[in-house]
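The values are calculated or read from the model by the stated rules, or taken from the named source; none is laboratory data. The model shown is predicted, which means the values in this text are computed figures rather than measured ones. Here the Cβ positions follow ideal geometry from the backbone for every residue, glycine too, while neighbour counts run over all protein chains shown.
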Amino acid sequence: FYGSFASPDLFGAARGPSDLHCTWLVDTQDPRRVLLQLELRLGYDDYVQVYEGLGERGDRLLQTLSYRSNHRPVSLEAAQGRLTVAYHARARSAGHG
């Protein structure tokens with residue numbers, strides 16, 4: 001199985017002064033392990049949280065990623081075929097997800 005997704009990159013000059021929160025639910029419909037590979041360009045106060053399972057509440061947090069993960073490959077593995085990726089960007093962030 002292979003798939004891809006990207007942040008909406010809503011950081012143009014017209015972007016409003018509020019924070020941005022995006023959540024992706026990854027369900028492979030297969031109970032085998034799933035490997036998530038990320039390439040990040042986060043702003044200083046932005047972060048991404050990756051959970052095992054679907055949803056941010058009650059599922060196991062695998063990792064919180066910050067701007068320090070920029071420009072290097074990040075790989076995370078979940079024991080089941082489900083992950084939740086939650087992207088949090090601060091208002092007027094210089095990052096692109």
Restricted to the stretch 48-77 and to residues being among the acidic types (Asp, Glu) and out of contact with any Gly (no Cβ under 7 Å at 6 or more places or on another chain), the residue surrounded by the fewest Cβ atoms within 10 Å (Cβ to Cβ) is Glu77
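Residue by residue, here is whether (1) modelled with pLDDT of 80 or more; (2) aliphatic (A, V, I, L, M) holds:
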residue: Arg15; (1), (2): no, no
residue: Thr28; (1), (2): yes, no
residue: Pro31; (1), (2): yes, no
residue: Leu35; (1), (2): yes, yes
residue: Leu42; (1), (2): yes, yes
residue: Leu62; (1), (2): yes, yes
In the stretch 80-97, residues that are modelled with pLDDT of 90 or more and surrounded by fewer than 15 Cβ atoms within 10 Å (Cβ to Cβ) total 0
A careful count of residues in the stretch 33-47 that are surrounded by fewer than 12 Cβ atoms within 10 Å (Cβ to Cβ), of a type in the set (D, E, K, R) and within 13 Å of His71 (Cα to Cα) gives 0
